[in-house]
């Protein structure tokens, strides 16, 4: 819930201004130097392809991270509530081993998620380096041989090209971050769509009387119990009498 209420809106508000800034810078760079539109388009397609490969893996890992985090917190809560029983049974080592097992499972997924993020960032940086190199060589070549642009136009083109690639990289990463954090919304919707447990239905002849219980005696007369209607019996033909006091 904290991700949906706090982190997801912040990420969306960070993504939208960056996205519109990227569009504006691309229009400006293309207007200053139309030849720069070619490498910028190629770099954008390369980054989108990396994003496509990165988003699938990142989304699944984030989903696994959420799934493995729930047992970690639930086991911690159960351990705190049952601490007296654990100590009385001298089961500290067993509980600690199970707790560390849950922690290790969650940590493995978190490590894979961070590794995947670094994988994408390194490739984004490679694309940025090649883009800046191509734009620089192209601008210098047009200045030296074509005499088409002034030094001020070339400097402005290079300046905005550098900021464009950094901003585009961050925008793509934020879009992937939004997609991965939407897995929290997905889990909430899954919990909301869970069916309610069926209420216990008793036959009218088994309904207790209004003044029940009238005394403290408990009687089981040939009682058989199963967890479900068609499941095997777990208790069969139990008869006992517990007197009051």
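Observations on the model:
- Cross-chain or 6+ apart pairs with Cβ under 8 Å, the stretch 206-231 first and under 24 Å from residue 243 (Cβ atoms), then at pLDDT below 75: 216/245
- Qualifying residue in the stretch 93-102 (condition: under 25 Å from residue 12 (Cβ atoms), without any contact (Cβ under 8 Å) to a residue 60 or more places away in the chain, in the same structural domain as residue 12 (by TED's automatic domain parsing) and in contact with a helix residue (DSSP H, G or I) (Cβ under 8 Å, 6 or more places away or on another chain)): no
- Members of the stretch 25-37 found to be without any contact (Cβ under 8 Å) to a residue 24 or more places away in the chain and surrounded by 13 or more Cβ atoms within 10 Å (Cβ to Cβ), listed by number: 30, 37
- Scanning the stretch 30-58 for residues that are over 25 Å from residue 122 (Cα atoms) and assigned to a helix (DSSP H, G or I) gives 30, 31, 32, 34, 35.
- Test: residue in the stretch 115-132 that is modelled with pLDDT under 75, surrounded by 16 or more Cβ atoms within 10 Å (Cβ to Cβ), in contact with a helix residue (DSSP H, G or I) (Cβ under 6 Å, 6 or more places away or on another chain) and assigned by TED's automatic domain parsing to the domain that holds residue 48: no
- Residues within the stretch 140-172 that are free of Cβ contacts under 8 Å to residues at least 60 places away in the same chain and under 27 Å from residue 19 (Cβ atoms), tallied: 5
- Meets criteria (surrounded by 12 or more Cβ atoms within 10 Å (Cβ to Cβ), touching a residue at least 40 places away in the same chain (Cβ under 8 Å) and in a helix (DSSP H, G or I)) for residue 69: no
The values are calculated or read from the model by the stated rules, or taken from the named source; none is laboratory data. Predicted model, so just to flag it, every value in this text is computed and none were measured. Heads up, the Cβs are rebuilt from the backbone with ideal geometry, glycines too, and the neighbour counts pull from every protein chain shown.
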